[in-house]
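Undergrad: The structure that follows is given in the form of structure tokens.
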Amino acid sequence: MTLLHVTGARPNFPKAAPVIAALARRGARQRLVHTGQHYDDRMSEIFFRELDLPRPDINLGVGSGSHAEQTAAILVGLETEMLQTRPDMVIVYGDVNSTLAASIAAAKLQIPVAHVEAGLRSFDMSMPEEINRIVTDRLADLLLCTSPDAIAHLAHEGVPAYRIHLVGNPMIDTLLANLSRLDSQKARADLGLPEDYLVATLHRPGNVDDPESAAELVALVHTAAARSEIVLPLHPRGRRVLEALGMGDHPRVHVVEPLGYLDFMSLVRGARAVITDSGGVQEETTVLGVPCLTLRPNTERPVTITHGTNRLASAATLIEQLDEVLAESVDTDRRPPLWDGHAGERIAEVILDWLDERGRE
Ligand code: UD1
Ligand code: UDP
């Protein structure tokens, strides 16, 4: 029996690592595909070095392109891979184009799909991730959820309860497993940051693709920098636009390359607050007890607001909210249910039980 994991973009790697490790401990035969959606060393390879991920058995090398080009290239590459290796199940992660393409390729070949991080909904169809989530969940046989709201969404969409499992958050497994390796003081000092600093990450198309909203972001980050120095590890999307608009031309704004997992999480752990539009960072700040201001009109991760440190912000409210969180003390003990470092174990159990039962049918 072979399980095929499909990864490709940065957020996939910290989610897949604990699942692959837990299945390996149970003796499962596994193959790992890297689609090549992300390919810069700091968007991909560094996570394999730092997170003890096995080498991918194959890298499809699809690279960047329009949504159709990228998704189609992954579909074609994965169909060939799946026809050759005939896996018993395909395991997909999150909401990126690699996730969508893998689910479609597998479903068309009648190969069961397990979706890790199923059921999240922003109800914002202008986000490519929302389309990817909905299609992937519709095709998945096993829907592995990080939070109770996800279960409610899937139930509402008519997914039968026996397919849905609340397993916790494997991204948080990776964070908790690496806590002792996080050295905030060193990461801060290496970048010449003072004791009090902010971290920012920005990469959503809705924020960085349009020059007008990108210019607004630059002005906001510069205003926030008057409160506290800011480090901004800049995702390659939007780098050209944000740099041309002068994002780094401020003495208290440190624009750096994307960081490896350990340096990034070290900085987040020591930050006074984080300004972001990332999905994963909303979750990580919740567990680290670091205030998070999410520059988006909505979130598919409301549990980080109800059970964590996250708040939605807009260009109009960000600076006032930043002043508020900098003046408050943070309740660091709130954490969503089952975000306890054992999600990978639960996911491995659910997958192997499911395959076992199917084998006996
Ligand atoms: C993708 C995901 C998004 C996720 C993000 C995480 C989709 C639709 N979007 O967005 O959900 O939050 O990854 O980081 O799957 N580029 C490089 N080097 C790389 C990768 C990308 O320079 O290694 C540049 C290219 O110019 C590319 C652009 O970034 O065109 C966007 O990359 P892409 O993978 O299409 O989407 P992301 O914005 O990274
Ligand atoms: N991350 C990292 N270095 C960075 C930025 C992010 O290691 O410079 C990690 C962090 O764990 C984050 C994950 O990559 O949760 C995914 O980040 P990203 O914002 O790219 O994706 P999203 O979660 O928005 O899909």
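The values are calculated or read from the model by the stated rules, or taken from the named source; none is laboratory data. Owing to the predicted nature of the structure, the values given are computational and were not obtained by experimental measurement. Methodologically, a virtual Cβ is constructed for each residue, glycine included, from the backbone with ideal geometry; neighbour enumeration extends over all protein chains shown.
Undergrad: Name every residue in segment 95-113 that is within 16 Å of ligand 2 (Cβ to nearest atom) and out of contact with any helix residue (DSSP H, G or I) (no Cβ under 6 Å at 6 or more places or on another chain), in order of residue number.
TA: The answer is V96, and nothing else.
Undergrad: L232 - would you say it is among the aliphatic types (A, V, I, L, M) and more than 12 Å from ligand 2 (Cβ to nearest atom)?
TA: no
Undergrad: Further question: Please find, within segment 256-284, the residue that is nearest to the chain's Cα centre (by Cα) out of those that are hydrophobic (A, V, I, L, M, F, W, C) and away from ligand 2 (no atom under 11 Å from the Cβ).
TA: Per the stated criteria, the residue is I275.
Undergrad: Can you tell me which of V116, V135 is within 28 Å of A152 (Cβ to Cβ), away from ligand 2 (no atom under 16 Å from the Cβ) and at pLDDT 95 or above?
TA: Going through V116, V135 in turn, the sole match is V135.
Undergrad: OK, next. Take the residues in segment 135-152 that are surrounded by fewer than 22 Cβ atoms within 10 Å (Cβ to Cβ) and free of Cβ contacts under 8 Å to residues at least 60 places away in the same chain, then tell me which one is nearest to R10 (Cα to Cα).
TA: V135
Undergrad: Residues in segment 18-61 that are closer than 25 Å to V350 by Cβ, of a type in the set (A, V, I, L, M) and away from ligand 1 (no atom under 16 Å from the Cβ): how many?
TA: Total satisfying the criteria: 9.
Undergrad: Could you tell me which residue of segment 34-54 is nearest to ligand 2 (Cβ to nearest atom), considering only residues that are assigned to a loop (DSSP other than H, G, I, E, B) and touching a Phe, Trp or Tyr at 6+ places or on another chain (Cβ under 7 Å)?
TA: Among residues in segment 34-54 that are assigned to a loop (DSSP other than H, G, I, E, B) and touching a Phe, Trp or Tyr at 6+ places or on another chain (Cβ under 7 Å), the one nearest to ligand 2 (Cβ to nearest atom) is L51.
Undergrad: Here is a list: V253, V325, V287, V330. Which entry is more than 15 Å from ligand 2 (Cβ to nearest atom), in contact with a Gly (Cβ under 8 Å, 6 or more places away or on another chain), in contact (Cβ under 8 Å) with a residue 24 or more places away in the chain and not polar (S, T, N, Q)?
TA: V330
Undergrad: Among the strands (runs of 3 or more DSSP E) lying completely within segment 146-242, list those that include at least 3 residues that are aromatic (F, W, Y) and within 27 Å of P302 (Cα to Cα).
TA: Correct list: empty, since no element meets the threshold.
Undergrad: Can you confirm whether E195 is more than 19 Å from M265 (Cβ to Cβ) and more than 16 Å from ligand 1 (Cβ to nearest atom)?
TA: The answer is no for E195.
Residue by residue, here is whether (1) touching a Ser or Thr at 6+ places or on another chain (Cβ under 6 Å); (2) assigned to a loop (DSSP other than H, G, I, E, B); (3) within 15 Å of ligand 1 (Cβ to nearest atom); (4) closer than 17 Å to G63 by Cα holds:
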| residue | (1), (2), (3), (4) |
| --- | --- |
| L78 | no, no, yes, yes |
| L83 | no, no, no, no |
| S103 | yes, no, yes, no |
| A106 | no, no, no, no |
| A114 | no, no, no, no |
| G119 | no, yes, no, no |
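Undergrad: Determine whether M82 is farther than 30 Å from P148 by Cβ, touching a helix residue (DSSP H, G or I) at 6+ places or on another chain (Cβ under 7 Å) and modelled with pLDDT under 95.
TA: It is false that M82 is farther than 30 Å from P148 by Cβ, touching a helix residue (DSSP H, G or I) at 6+ places or on another chain (Cβ under 7 Å) and modelled with pLDDT under 95.
Undergrad: When you scan segment 227-240, do you find a residue that is within 15 Å of ligand 1 (Cβ to nearest atom), acidic (D, E) and in contact with a strand residue (DSSP E or B) (Cβ under 9 Å, 6 or more places away or on another chain), even just one?
TA: no
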